[in-house]
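Taking it in order: structure first as structure tokens, then the write-up.
A short reminder: the numbers here are calculations on the coordinates, not readings from a lab. All values reported here derive from a predicted model rather than from experimental measurement. Positions of Cβ are backbone-derived with ideal geometry, glycine not excepted, and every protein chain shown enters the neighbour counts.
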Amino acid sequence: MNDFQCKFKIHAEPKKVYEAISTQHGLQGWWTVDCDAESKEGSKATLRFGETYTVMWVEKLIPNKQIRWKCLEQHHVAERPLQKQDEWVGTHL
């Protein structure tokens, strides 16, 4: 698959959603407690899941409206080996 898109609707105030995705505290509340993230364009967010990790570059932050990350680095460790350990590299979220 060359392209993947997923859209979904979250029934919450934009401010709450923005904080959950753009801050370290927010990310620790729903994605992973082991992360380093700064709410600043040009910064990096590192998300860890045991030996698996992903490093995102924070490209764009428009408070309560838009967050854009680009995956710079990924290493995925799984019981069943994946064909590509870094499949997210170069993708945007």
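Worth a mention:
- Nonlocal Lys pairs with alpha-carbon distance under 15 Å, segment 13-93 (8 or more apart, or different chains): 8
- For the chain, the Kirkwood hydrodynamic radius from C-alpha pairs, put into Stokes-Einstein at 4 °C and a viscosity of 1.567 mPa s, yields a diffusion coefficient of 92 µm² per second.
- Counted charge near GLN24, where neighbours are those whose Cβ lies closer than 14 Å (Asp, Glu -1; Lys, Arg +1): -1
- Taking segment 38-93 and dividing mean pair separation by its residue count, relative contact order in percent (alpha carbons under 8 Å, at least six apart): 27
- Around TRP57: net Lys/Arg minus Asp/Glu count, Cβ-Cβ under 15 Å: -1
- Under the simplified labelling scheme, the ALA12-GLU38 pair shows an inter-label distance of 2.5 nm, with each label point 7 Å from Cα along Cα→Cβ.
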